[in-house]
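Trainee: Okay, here's the structure, questions in a sec.
The numbers here are math on the coordinates, done by the rules we state, and not lab data. It should be emphasised that the depicted structure is a prediction, and the values quoted were computed from it without experimental measurement. Because the Cβ atoms are built from the backbone with ideal geometry, glycine has one as well, and the counts that use them run over all protein chains shown.
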Amino acid sequence: MIEVTKLNDKKILINADLIERVEETPDTMISLTSGSKIIVKESRQEIRNLVILYKKETFCRDL
C-alpha cells in the first residue's frame, strides 16, 4: 500500500498493485484496475517513486 493525498488534504492508502495508469492532466490522476480514478496532490514522479519503494520493501521482505 502507498499513502497519497487527495485534493481535500485527506490521506488515503491505495494498493500499488492495482494501479493501472498515472496521468498528469495537470492534476495527477491515478486509474485503478477496478475502474476507480483518484485525483491526488502528488506528482506522477512521486507516485512512481512510492510504488518503486513499496515493491522494493515487498521484495526484500520475501527474501
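Trainee: Taking only pairs six or more apart or across chains, which ones have beta-carbon atoms under 6 Å, a first residue in segment 40-55 that is under 11 Å from residue 4 (Cβ atoms), and a second residue that is part of a helix (DSSP H, G or I)?
Mentor: 51/16
Trainee: Show the residue pairs that are 6+ apart or on different chains and have beta-carbon atoms under 8 Å apart, the first residue being within segment 27-39 and more than 16 Å from residue 2 (Cα to Cα), the second being part of a strand (DSSP E or B).
Mentor: Filtered contacts from segment 27-39: 27/39; 27/40.
Trainee: Contact list please: Cβ distance under 6 Å, first residue in segment 1-17 and hydrophobic (A, V, I, L, M, F, W, C), second residue in a helix (DSSP H, G or I), pairs at least six apart or on different chains.
Mentor: From residues that are hydrophobic (A, V, I, L, M, F, W, C), the pairs are 2/16; 2/50; 2/54; 16/51; 16/54.
Trainee: So which strands (runs of 3 or more DSSP E) stay within segment 1-49 end to end and still have 1 or more residues that are more than 10 Å from the chain's Cα centre (by Cα) and loosely packed, with under 12 Cβ neighbours inside 10 Å? Break it down stepwise before answering.
Mentor: Values: elements: 2-5, 11-14, 19-24, 28-32, 37-40.
Fully inside segment 1-49 and qualifying: 11-14, 19-24.
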